[in-house]
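One structure is given below, represented as structure tokens, and several questions about it will come after.
The values are calculated or read from the model by the stated rules, or taken from the named source; none is laboratory data. Remember, predicted model here, so these are calculated numbers, not experimental data. When we count neighbours, we look across all protein chains shown, and the Cβ atoms used for this are built from the backbone with ideal geometry, even at glycine.
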Amino acid sequence: MMGCRRRIRRGLPWALAFVFTSGLLLWSKNDGGTGIDPALQDDWNSLRLKRDQQEYIDRRGLHVVVGYYLGDANNVGSSANLTEELLNRNMFDPKPREGQDGVPVVIPPHLSLQMQKLYRINRFNLMASDRIPLNRSLPDVRKKMCRLKKIIIDGLPSSSIVIVFHNEAWSTLLRTVHSVINRSPKALLKEIILVDDASTRTFLGEELNEYVAKLPIPVHILRSENRIGLIKARLMGARKASGEVLVFLDAHCECTIGWLESLISRVAEDRKRVVCPVIDIISDETFAYVRSFELHWGAFNWDLHFRWYTRSTPDIIRRQKDITQAFKTPAMAGGLFAMDKSYFFELGGYDEKMEIWGGENLELSFRVWQCGGSIEIAPCSHVGHIFRKSSPYTFPGGVSRILYTNLARVALVWMDEWQEFYFKFNPEAIKVRDEQQIRTRLELRDRLQCKGFRWYLDNVWPEHFMPTDQRFFGKIKNTLSNQCLEKPTGRGSLNQPMGPVLISTCDVEGRAALTRMFVMAPTEGLSSKVWSGALMTDESVCLDTPDLETADVTLKVRIVACTGQKRQNWRYDTETMSLIHLETNLCLDMPTSESSIVLKDCVDHASQKWIFEPVHWK
Ligand code: UD2
Ligand code: MN
């Protein structure tokens, strides 16, 4: 606990806990040791193993963990000692100053065992949450310029806040509700709509009805008898909403001062704008409120998992003139956004054939952009969200079936020839592809006269690292060893973000081959003899030099986040087959003694000759 407090003061993790769609999850590792009782260590270890995680230190020194998220393989109810009685007990027991101003909760050591047990129910520290009052204070995390900026509320449209939930904890659900009530201008807040997606916890029934009836703002509860998933639950809420703007929130959020007016005012100016807040982090372990970095925007990786990427340096400098300006984002995380109600339905609501969880954020993102709207992040609007390391609920029908179904629908309807790229490298998704009925969604796309995915990539996400007809996509093979460049997946260390570029056998098939794939967009075009540009690969990482000032003599080439800077530019001579680093004029070389590659003075030798071997992606 102390560790967390220390880190917050140091301000280190604006710690990105990243959201995921069908599985990949990125979060900041915030435990020095696990802090887990030895008796539960096995359980914990198996959870961690299942996540098949990779860890590295990013360029800012942030410890990042990338894990494969498996949804709920481990059925909550069946976990040892989690009885029905316990699951249905509302243990909310607030201590007046606990968690005040967003500080971390410290659980007394004698409660540690019980704390770990309760953690499994919602996959966050339920005991910590249950000790924090529903109306706890939070700091004003906005930048000074945001605080000074006056937004005139008169004349702005009213909003309906839609919160869907399935077996949420009492304290997190109602802290979300109270934070909305306490920190939204009354004139903008028409109602809160809670949609109960077939929760089984008894305290979410009559007890919840009675509680919300006493609140000073109309709170309506809609209940679905059967589990319909978050997508259909949101539709249910949206249809009942009477405000002009829909604002969606997850059921474990806390809104900070100024959050709502910053969203609504942007939507009011242009009804085709979908506006997201900056998503801050409520620690799943301590419930500390951690302000996150404002300069991230959302997109996705080759597997169509949502990802945050950092803005480029020139872009950051440009923005310094007015940091209160909203900025465009190619995709949204999914849970928190404001959208004009009539525009939401005009644009086709959600795809009702999507189940439970996942993919709807990309579907809506593509639809909004391709059909004439825009998506942006309002940096003066901050809302905290509890990012979890795994999902607490069941996925009826199986996690992978549900996730691949949802993503297959996204690809089939919106991605044109890039759907082939997705299916080619995600054979699991092929299994569900042919059974998808997508006619009405394609008709919608037609009716709205939406643009193609090519347009989206070119105009909305020019920094993308997808293959295109104008780009090279394939393997980069050394003529001496017949081995290929490979993106490292293992652990990095502090001074080697993501590790050096590896070299290994080219002959792998299917998904494994993806770590050998590179993309290069030659500035002069593929038909020219000399190509120059960045060598990009999945997750927006690029071939980069070692830190030249500090590097040891070997100059190992690394893979780091793409920045668009010159140090990531390479020239490939299709005739001599040499690959030259533009800034240093050194050549990419494969030392025989090592499995990583280096920069060396250029010589006419097979260790410096590379074959760009194209791979069909569609
Ligand atoms: C993120 C989004 C989430 C959603 C999801 C992809 C944020 C902060 N969160 O994952 O809103 O877009 O990506 O689908 O951007 N729920 C139900 N019924 C279900 C499953 C979930 O009502 O069958 C509720 C759940 O109680 C919660 C909300 O849906 O309030 C989102 O679920 P989550 O918190 O598990 O999603 P998250 O944050 O991992
Ligand atoms: Mn959530």
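So which residues in the range 328-338 are touching a helix residue (DSSP H, G or I) at 6+ places or on another chain (Cβ under 7 Å) and more than 16 Å from ligand 2 (Cβ to nearest atom), if there are any at all?
The answer is Pro330, Ala331, Ala338.
Considering only the range 214-234, state which residues are without any contact (Cβ under 8 Å) to a residue 40 or more places away in the chain and either within 29 Å of the chain's Cα centre (by Cα) or over 29 Å from Ser265 (Cα atoms) (or both). Break it down stepwise before answering.
First pass over the range 214-234, keeping only residues without any contact (Cβ under 8 Å) to a residue 40 or more places away in the chain: 214-218, 220-226, 228.
Matches in the range 214-234: Lys214, Ile221, Leu222, Arg223, Ser224, Glu225, Asn226, Ile228.
Select from the range 533-549 the residues that are in a loop (DSSP other than H, G, I, E, B) and under 20 Å from Cys587 (Cα atoms) and list them in ascending order. Please lay out each step first, then the result.
Let us first name the residues in the range 533-549 that are in a loop (DSSP other than H, G, I, E, B), namely 538-540, 545-549.
Correct list: Thr545, Pro546, Asp547, Leu548, Glu549.
Is it true that some residue in the range 418-432 is within 18 Å of the chain's Cα centre (by Cα) and of a type in the set (Gly, Ala, Ser)?
We begin by selecting, within the range 418-432, every residue within 18 Å of the chain's Cα centre (by Cα); these are none.
Looking through the range 418-432, none of the residues is within 18 Å of the chain's Cα centre (by Cα) and of a type in the set (Gly, Ala, Ser).
Still on this structure: Name the pairs: first residue in the range 555-571 and on the phi > 0 side of the Ramachandran plot and small (Gly, Ala, Ser), second residue modelled with pLDDT under 85 and outside any strand (DSSP E or B), Cβ to Cβ under 7 Å, at least 6 apart or on different chains?
Taking only residues 6 or more apart or on different chains, the pairs are Gly564/Ser312.
Would you please name the residue that is farthest from the chain's Cα centre (by Cα), looking only at residues in the range 505-532 that are crowded, with 20+ Cβ neighbours inside 10 Å and not in a loop (DSSP other than H, G, I, E, B)?
Among them, the one singled out is Trp531.
Another question about this same structure. Could you run through the range 230-257 and say how many residues are within 13 Å of ligand 2 (Cβ to nearest atom) and not in a helix (DSSP H, G or I)?
Number of matching residues: 7.
Let me ask something else about it. Kindly establish whether Glu463 is at pLDDT below 95, farther than 16 Å from Lys618 by Cβ and surrounded by fewer than 19 Cβ atoms within 10 Å (Cβ to Cβ).
yes
Suppose we filter the range 448-478 for residues that are basic (Lys, Arg) and in contact with an Asp or Glu (Cβ under 9 Å, 6 or more places away or on another chain); how many remain?
Total satisfying the criteria: 3.
Moving to a separate point now. Among the residues of the range 326-356, count how many are surrounded by 19 or more Cβ atoms within 10 Å (Cβ to Cβ), part of a loop (DSSP other than H, G, I, E, B) and more than 14 Å from ligand 1 (Cβ to nearest atom).
Total meeting the criteria: 4.
Just the residues that are surrounded by fewer than 24 Cβ atoms within 10 Å (Cβ to Cβ) and away from ligand 1 (no atom under 14 Å from the Cβ), please, taken from the range 369-400.
Listed by number, the residues that qualify are Gln370, Cys371, Gly372, Gly373, Ser374, Glu376, Pro379, Ser400.
Failed condition for Phe337, given (1) under 18 Å from the mean Cα position of the chain (by Cα); (2) aromatic (Phe, Trp, Tyr); (3) farther than 23 Å from Ser160 by Cα, with all others met?
(3)
Can you pull out every residue in the range 382-396 that is β-branched (Val, Ile, Thr) and more than 19 Å from the chain's Cα centre (by Cα)?
Matches in the range 382-396: Thr394 only.
Also, quick follow-up: Which helices (runs of 4 or more DSSP H) sit wholly inside the range 120-206 and have at least 2 residues that are surrounded by fewer than 16 Cβ atoms within 10 Å (Cβ to Cβ)?
On the way: elements: 126-131, 144-148, 170-183.
Because the criterion is at least 2 residues that are surrounded by fewer than 16 Cβ atoms within 10 Å (Cβ to Cβ), the helices (runs of 4 or more DSSP H) in the range 120-206 that meet it are 144-148.
Can you tell me which of Glu417, Glu355, Glu360 is within 16 Å of ligand 2 (Cβ to nearest atom) and charged (D, E, K, R)?
Answer to the selection: Glu360.
Between a residue in the range 75-93 that is closer than 22 Å to Val105 by Cβ and modelled with pLDDT of 70 or more and any residue that is of a type in the set (S, T, N, Q) and surrounded by 15 or more Cβ atoms within 10 Å (Cβ to Cβ), which pairs come within a Cβ distance under 7 Å, given they are 6 or more apart or on different chains?
Partner pairs satisfying both residue conditions: Phe92/Ser171.
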